[in-house]
Amino acid sequence: MMIEATEISRKFGSMQALNGVSLSVGKGEVLCLLGHNGAGKSTLVSILATALPPTGATARVAGFDVVREAPEVRRRIGLTGQFAAVDESLSGRENLILVARLLGANKREARARADELLEMFDLTKAAGRTAGSYSGGMRRRLDLAGSFVGHPQVLFLDEPTTGLDPVSRNALWELVRATVADGTTVLLTTQYLEEAEQLADRVVVLGHGSTIADGTVAELKGRLGVSTVRATLADGAAVPAALGALRAAGLEPASGEPEGLVAVPVEASTGLAAVVRALDEAGVGIVEISLAEPTLDDVYISLAERLPAAPAHS
């Protein structure tokens with residue numbers, strides 16, 4: 001395993017930021033951490049990237065202990081935090097050359113790697129400008145480029161697409177996929193559930209510093225166990241009759257749908273046939289019908305609703 005953490009805890013005074021979190025990530029895998037603000041995502045990343053010691057237990061990254069062998073860990077990782085960390089007095093190219101030189105590249109290698117990443121992150125035209133003159137999105141892209149300089153074995157991306165436009169976000173996704181294909185392990189935190197669906201091999205959901213769910217996207221959706229049948233009626237005025245027919249058939253249609261549409265949660269694909277049969281027997285015409293699996297948004301909302309209130313701190 002490239003990342004191994006067992007019962008990681010961290011306190012800040014009386015506040016328990018992490019409470020016994022365990023996870024493991026193999027070579028060439030993407031693990032996504034999801035959770036509300038304050039769930040402990042960034043704290044866990046900081047511990048695994050050696051920026052913060054754990055209060056309890058420890059972890060290994062790329063085979064090295066994050067506390068006792070922190071320098072060895074740092075040589076093998078790339079890290080992008082929530083806020084761009086660039087030297088605004090240096091040009092974009094100089095920022096990347098500096099990182100490459102610090103990682104042991106010679107001058108020629110450092111320039112070549114900088115130019116390669118400037119092109120990847122669409123910064124070539126601005127390469128000679130000081131980073132202080134960059135827009136927020138450009139500084140973010142430069143910061144992300146810096147985390148890729150050393151061809152890291154393990155890449156930590158803490159909400160990497162915050163502040164990026166859709167084009168830059170999609171470009172980063174493609175770069176992450178290419179990096180993973182080359183064997184890099186990625187631990188990603190995000191507020192965008194679409195990002196997790198696009199990139200993650202596995203998802204760990206944190207709540208109040210503890211793990212509340214762990215699995216593939218498909219497994220998490222499967223735990224919710226509910227799909228939705230949506231039917232567009234031929235006559236919008238027939239909605240009351242449709243709802244009555246569905247309830248009489250033992251189904252529980254959702255309320256608050258747009259005019260002319262009925263939605264029915266079902267636990268299996270056979271529910272689609274049950275909806276069609278109930279509406280047909282009631283003489284309600286259908287112009288369109290579909291069966292949708294739960295989304296990761298649905299899973300996350302369901303998990304969030306089950307969370308206890310955050311503990312009070314003295």
Practice problem: Report those helices (runs of 4 or more DSSP H) wholly inside the stretch 37-153 carrying at least 3 residues which are crowded, with 19+ Cβ neighbours inside 10 Å. | Solution: 41-48, 92-102, 107-120, 136-148
Quiz item: Inside the stretch 284-301, can you point out the residues that are of a type in the set (A, V, I, L, M, F, W, C), farther than 21 Å from VAL205 by Cβ and outside any strand (DSSP E or B)?
Solution: VAL284
Quiz item: Which of the residues that make up the stretch 77-102 are under 23 Å from the mean Cα position of the chain (by Cα) and either outside the structural domain of GLY26 (by TED's automatic domain parsing) or among the polar types (S, T, N, Q) (or both)?
Solution: THR80, GLN82
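Residue-by-condition table, conditions (1) in the same structural domain as THR179 (by TED's automatic domain parsing); (2) at positive phi; (3) touching an Asp or Glu at 6+ places or on another chain (Cβ under 8 Å); (4) among the basic types (Lys, Arg):
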| site | (1), (2), (3), (4) |
| --- | --- |
| GLU7 | yes, yes, no, no |
| SER14 | yes, no, no, no |
| LYS27 | yes, no, no, yes |
| GLY38 | yes, yes, no, no |
| VAL45 | yes, no, yes, no |
| ALA49 | yes, no, no, no |
| LEU52 | yes, no, no, no |
| VAL67 | yes, no, no, no |
| ARG75 | yes, no, no, yes |
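Give GLN191, GLN198 a once-over and let me know the one that is farther than 23 Å from LEU123 by Cα and at pLDDT below 90.
None of the other options fit; the residue is GLN191.
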Practice problem: Go through the stretch 218-251 residue by residue and tally those that are modelled with pLDDT of 90 or more and among the charged types (D, E, K, R). | Solution: 3
Quiz item: Just to be sure, is GLY163 of a type outside the set (A, V, I, L, M) and either over 27 Å from ALA114 (Cβ atoms) or at pLDDT 90 or above (or both)?
Solution: no
Self-check item: Those helices (runs of 4 or more DSSP H) lying entirely in the stretch 175-267 with at least 3 residues under 20 Å from the mean Cα position of the chain (by Cα)
Solution: 193-199, 217-224
Quiz item: Which one of LEU233, LEU188, LEU193 is farther than 23 Å from VAL73 by Cα and either touching a residue at least 60 places away in the same chain (Cβ under 8 Å) or in contact with a Lys or Arg (Cβ under 8 Å, 6 or more places away or on another chain) (or both)?
Solution: LEU193
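Conditions tested, residue by residue: (1) under 26 Å from GLU7 (Cα atoms); (2) without any contact (Cβ under 8 Å) to a residue 24 or more places away in the chain; (3) surrounded by 14 or more Cβ atoms within 10 Å (Cβ to Cβ).
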residue	(1), (2), (3)
GLY209	yes, no, yes
SER227	no, no, yes
ALA241	no, no, yes
ARG247	no, yes, no
Exercise. Looking only at the stretch 4-23, decide whether some residue is assigned to a loop (DSSP other than H, G, I, E, B) and surrounded by 15 or more Cβ atoms within 10 Å (Cβ to Cβ).
Key: no
Practice problem: Could you tell me which residue of the stretch 6-55 is farthest from ARG68 (Cα to Cα), considering only residues that are among the aliphatic types (A, V, I, L, M) and over 19 Å from the mean Cα position of the chain (by Cα)? | Solution: MET15
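The values are calculated or read from the model by the stated rules, or taken from the named source; none is laboratory data. None of these values were measured; they are calculated from a predicted model. Here Cβ is always computed from backbone atoms with ideal geometry, including for glycine, and neighbour counts include all displayed protein chains.
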